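Below is one structure, written out as C-alpha cells, with a few remarks after it.
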Amino acid sequence: MLVYDPPNPVCPVHGERLRRSTCPACNAAYMRDYLKAQRRLRPAVALHSRARQRAARRGLPFNLRVSDVVVPMVCPALGVPIIIGAMRSAHSPSLDRIRPSLGYVRGNTRVISDKANRLKGTLDVEGLIRRAIQSVDQRREDYARLADYLERELLLAEVRRKAAQDGRAGAEWAKVAAFLDRAFQKADWPR
Ligand SMILES: [Zn+2]
C-alpha cells in the first residue's frame, strides 16, 4: 500500500520555513521533495512529466496523455517486479520508446523496468540478439528476453498500422491491437 508521507523540504538558507516566492533554494527544495513524492504516489504522472521534459530537451515528438502510461506490477520485458518508490533502482518503472527515433508518441511507449530500459538502450532486435550471443548467464537471458519483448512490440505496431485503415478491416485489426496491448502489459505472456 502507498501511504502518504508529507514531504519535509529544507532550504540551506531558510531551513524548513520555506520562502518559495523569494528564495530559489527554497523553491528547489520544495520541488525536489514534491517530485520524489510524485514518483511514489503517482508514478504514471511522474513518468509522463519526465518524458515530456526529455522530449522537449532532445527535440523528440511527444503526444502522450497520462492515461497512456500504464505502470505494470511486473516488467513486461524481464519479468522482474516493478517497485514504486521514491528512490530510483533497477526495478523502478521506466518509459521505453519502443522505436527510440519515433519519440514519446502513443503506441510507441511501454513501461518496463529501469534495468530493462538501460540494457535495451537504442538497440534493435538484431542488436539485442547479438548481445545475447556475446553474453553469458543472466545477461544472456536478459538480452534474449529484451529481443522477444521488442519483437512482439514491433508486431503490435504493425497491427496498429493495419487498424488505422478505414472500414471493417480496420475495426477488426483494432480489436486485435487492443487484445495484444493488454496481453503485452503482462509479463506472463508465453515465450
Ligand atoms: Zn530559502
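Readers should treat all values here as calculations from the given coordinates under stated rules, not as data from a laboratory. This is a predicted model, so every value here is computed, not measured. Glycine gets a Cβ as well: all are built from the backbone with ideal geometry, and neighbour counts include every protein chain shown.
Miscellaneous remarks
- Here the chain is treated with +1 on each Lys and Arg Cβ and -1 on each Asp and Glu Cβ, and its dipole about the Cα centre works out to around 580 debye.
- Cα shape, the range 32-75, gyration tensor, a/c 1.5 rule: oblate
- Rounded to the nearest 0.05, the FRET efficiency derived from the C-beta distance between Arg139 and Ala86 at R0 = 45 Å is 0.95.
- Averaging over all projection directions, the Cα-based convex hull of the range 1-107 occupies 8.4 nm² in the image plane.
- Candidates Asp137, Asp96, Asp124, ranked by Gaussian network fluctuation over the chain, Cα under 10 Å, top entry: Asp137
- Seen from Ala90, the other residues with C-beta closer than 12 Å to its C-beta sum to a net charge of +1, counting Lys and Arg as +1 and Asp and Glu as -1.
- Rounded FRET efficiency, nearest 0.05, which uses the C-beta distance separating Arg168 from Arg130 and R0 of 35 Å: 0.25
- Inter-label distance, Glu16 to Tyr34: 2.0 nm, where each label sits 7 Å from its Cα along the C-beta direction.
- Gyration tensor (alpha-carbon) shape descriptor, the chain, a/c threshold 1.5: prolate
- 3J(HN,Hα) from dihedral phi, the range 108-122, Karplus parametrisation 6.51/-1.76/1.60, rounded to Hz, x for glycine, proline: 10, 10, 8, 7, 10, 6, 4, 4, 4, 5, 5, 5, 5, x, 10
- Among the cysteines of the chain, Cys75 have no other cysteine beta carbon within less than 4.7 Å of their own.
- The relative contact order of the range 11-72, computed from alpha carbon pairs under 8 Å that lie at least 6 residues apart in sequence, is 21 percent.
- Amide hydrogen proximity for Arg110: with H placed 1.01 Å from N in the peptide plane, the residues at 5 or more positions away or on another chain lying under 5 Å are Asp96, Ile98.
- Cα gyration tensor category, rounded, prolate or oblate, for the range 48-152 with a/c compared to 1.5: oblate
- Altogether, the Stokes-Einstein calculation at 37 °C and 0.692 mPa s, with the Kirkwood radius of the range 121-182 over Cα pairs as Rh, returns a diffusion coefficient of 254 µm²/s.
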